[in-house]
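**Q** First, the structure itself, so that you have it in front of you.
Where a number appears in this text, it was derived from the coordinates with a stated rule and is not lab data. Computed from a predicted structure; not experimentally measured. Cβ sites come from the backbone with ideal geometry, for glycine too, and all protein chains shown count toward neighbours.
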Amino acid sequence: MPSSIFDVIVAGGGLVGASLAVALGRGGLTVALVEPQPPAPVTSLGDAWDSRIYAISPGSAAFLESCGAWQQLPAERLTRVETMQVFGDEPGARLEFSAYDCGLRELAFIVENGRLHAALWRSLRESENVTLFSPGRCGALARGLDAATLTLDDGSVLASQLIVGADGAESWVRGEAGIKASAVPYGQLGVVANFAVGTPHRETAYQWFRRDGVLALLPLPGERVSMVWSTAESHGRELLSLAPEALAARVEAASQGVLGALQVVTPAAAFPLQLQRVAQLVAPRLALVGDAAHNVHPLAGQGVNLGFRDARELARVLAGRGAQSDCGDYHLLRRYERARREDILAMQLATDGLQKLFASGKVWLQRARNLGLKFTNLPTPLKQWLVRHAVA
C-alpha cells in the first residue's frame, strides 16, 4: 500500500518543477515534490554573482509573482532590459527592440538562477499543500487506470492521480513512461561568464550573430554584464582555456568595444547545446514540462520561459477542470498538450532555423540573413509579433 497519497507528484525541483508545485498547491491540490538535490539557501550565496543568468519575460515574472517567489528577490539583484540591439555579421545589419516603442516598461528581467531557485523553494516550504521529498530519488514508476505510484529509492511509495516529469533533458520519468525523444546535438557549447564593463550598459541587451557563433551580453545590476557565447565546441574549449585578461580582451573585441574595457568577475563555464523534440507531452496519468518536454538553442533566451509557460498552462488546465475531479484523466491532459504544442514548435523552428542560417558559410545565405535583419528592423507587424511573443 502507498505510504502517502497526493493529487499530483512532481518529479524534479528545478525552476520549472518548483514553480509548478507551488502553483498547484496554491490552487488547492495536494502535491509531492521529489528532488535529489535541493538548492543552496539564499543565505549561503553571499555577494558573488551567479554565472547562470536567465532573461525572464514579463509574463513569466507575473507567474512567479503569483507563486510568491518574485517578490522575494532583492531589487538590487534584478535588472530590467529596456532595449535590445541585435547585430548581423555585415555592417549595417542591425535590429533594435525598445520597450518604450512597444508600449512596455521592460522587455525582460535579468535574474540569477541561484536566487530565483532559492526563492521558489522558500515558497515551497511555506505551502501547506506541498510535501517535499528531498533529497529523494525516483526508483520505480507504475501507472494504472485509477492512479499512479512512484517508488523512491528509500522504499517510500507515493500515489497520485498524476505524475509530472520536470526532471530535465535526460528525464527519468519520460524514459520510464516510454515517451520517445529525439536529440540533435549542435556541436556547440554555451560559454558563460560575467564581466565588469567600462561603459554603462543603460539596461540594454546586446547580441551579435557572428560567423563563430552567437554572442550575447545581458545587463546586470551596476556596471556588469553576463555573457552567453554559443559557439563551436573547439572554439568554446579555447575560450575556457584563456586567462581572465585574455578572455576579457577576446569578448571586448568580439563585441566591438560597445561596453568599453571588460574585466572578468565570474570565471567562464560551459554547457553543451542541443535541440530536443519529444513525441508527446502527455500520456495517461503523466505530463512533461520544462526541459523534459523540449530543448531549444539559447540564442533567443527563451528556454526557461518556455518551461514556465508549460507550468502556467498545466496549472491553469488543472485548476479549470470543473466537474472532472481526476487530475490524471488523459482527455484533460490533452488540453494542456494542445495548448502548448504551437508555442513549443514555433520556438524550436525559430531558434533552430536561426542557428542554421547564421552557421552557414554560403555567401547567398549570408546576404539573405543580414537583409532579413534590416527588413525586420522596420516598423513591421513581424517586429511587433516577435516582441509580443518574447514578453508572454
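**Q** Which of these, G236, G322, G353, has the largest mean-square fluctuation under a Gaussian network model of the chain (Cα springs below 10 Å)?
**A** G322
**Q** Write down, largest first, the equivalent ellipsoid semi-axes of region 89-191 in whole Å, where each equals the square root of 5 times an eigenvalue of the alpha-carbon gyration tensor. Present the calculation step by step, with values, prior to reporting the outcome.
**A** Values: eigenvalues 304, 100, 41 Å².
Result for region 89-191: semi-axes of 39, 22, 14 Å.
**Q** On full extension of the chain, what length is gained from A323 through C102, given 0.36 nm per residue of separation minus the C-alpha to C-alpha distance? Could the numbers behind the result be given before it?
**A** Details: separation 221, 0.36 × 221 = 79.56 nm, distance 4.08 nm.
That works out to 75.5 nm of additional length.
**Q** Calculate, axis by axis, the spread of Cα positions in region 1-94 along the three principal axes, and write the results as whole Å, longest axis first.
**A** Taking max minus min along each principal axis of the Cα atoms, region 1-94 gives 68, 30, 23 Å.
**Q** Now for a different question. Considering only region 126-212, what is the antiparallel percent among its DSSP beta bridges, to the nearest 5? Walk me through the numbers on the way to the answer.
**A** Values: 9 of 9 bridges.
Taking every DSSP beta bridge with both residues in region 126-212, the antiparallel ones total about 100 percent.
**Q** Next up: Which one of P36, F271, F133 is farthest out on the positive end of the charge dipole of the chain, using unit charges on Cβ (Lys, Arg +1; Asp, Glu -1) and the Cα centre as origin?
**A** F271
**Q** Right, next: Which of the peptides 66-74, 155-163 is most tightly packed, and how do the rest follow, judged by the mean count of other Cβ atoms within 10 Å per residue?
**A** Numbers: 66-74: 18.2, 155-163: 20.8.
Highest-to-lowest ranking by the protection proxy: 155-163, 66-74.
**Q** Moving on to the next point. Can you give the convex hull volume of the alpha carbon atoms of region 139-263 per residue, in Å³? Could you put the intermediate results ahead of the total?
**A** On the way: hull volume 22.6 nm³, N = 125.
With only Cα atoms used, region 139-263 gives 181 Å³ per residue.
**Q** Got the relative contact order for region 268-333 handy, in percent, Cα pairs under 8 Å and 6 or more residues apart?
**A** On the way: 55 pairs, mean separation 22.7, N = 66.
Rounded, it is 34 percent for region 268-333.
**Q** Taking the Cβ of P298 as the center, what net charge do the other residues with Cβ under 13 Å away carry, scoring Lys and Arg +1 and Asp and Glu -1? Walk me through the numbers on the way to the answer.
**A** Working: positive: R52; negative: D291, D352.
Summing Lys/Arg as +1 and Asp/Glu as -1 gives -1.
**Q** In addition: Quick one: grab Rg to one decimal and Dmax as a whole number for region 84-128, Cα atoms only, in Å.
**A** My reading of the Cα-based Rg and Dmax gives 18.0, 57 Å.
**Q** Here's something else I'd like to know. Of the listed peptides 287-295, 115-123, what is their order by residue-averaged count of other C-beta atoms within 10 Å, with the highest listed first? Numbers along the way, then the final one.
**A** Numbers: 287-295: 28.1, 115-123: 23.0.
Peptide ranking by packing, descending: 287-295, 115-123.
**Q** To continue, here is another question. Across 5 Å bins from 0, what is the distribution of all Cα-Cα pair distances for region 190-287, in whole percents?
**A** Taking every Cα pair in region 190-287, the percentages come to 3, 13, 23, 22, 14, 7, 5, 5, 5, 3, 1, 0.
**Q** Find the relative contact order for region 147-279 and round it to a whole percent, using C-alpha pairs within less than 8 Å whose residues are 6+ positions apart. Write out the running numbers ahead of the final one.
**A** Values: 234 pairs, mean separation 41.3, N = 133.
With pairs under 8 Å counted, the relative contact order is 31 percent.
**Q** What's the center-to-center distance, using Cα atoms, between region 238-293 and region 110-132 in Å?
**A** Region 238-293 and region 110-132 have Cα centres separated by 24 Å.
**Q** With only Lys, Arg, Asp and Glu charged, each at its Cβ (+1 for the first two, -1 for the last two), find how big the charge dipole of the chain is about the Cα centre; round to the nearest 20 debye.
**A** Details: 37 positive and 37 negative charges, 215 e Å.
So the dipole magnitude of the chain works out to roughly 1040 debye.
**Q** Given the C-alpha atoms of region 55-131, compute the convex hull and give its volume per residue in Å³. List each step's numbers first, then the result.
**A** Values: hull volume 8.8 nm³, N = 77.
Output value, Cα hull per residue: 114 Å³.
**Q** Quick one: grab Rg to one decimal and Dmax as a whole number for region 208-342, Cα atoms only, in Å.
**A** Over region 208-342's Cα set, Rg and Dmax evaluate to 20.5, 63 Å.
**Q** To two decimal places, what compactness ratio does the chain give when its Cα radius of gyration is scaled by 2.2 N^0.38 Å? Provide the component values of the computation, followed by the final result.
**A** Working: Rg = 21.4 Å, N = 392, 2.2 N^0.38 = 21.3 Å.
Ratio of Cα Rg to 2.2 N^0.38 Å: 1.01.
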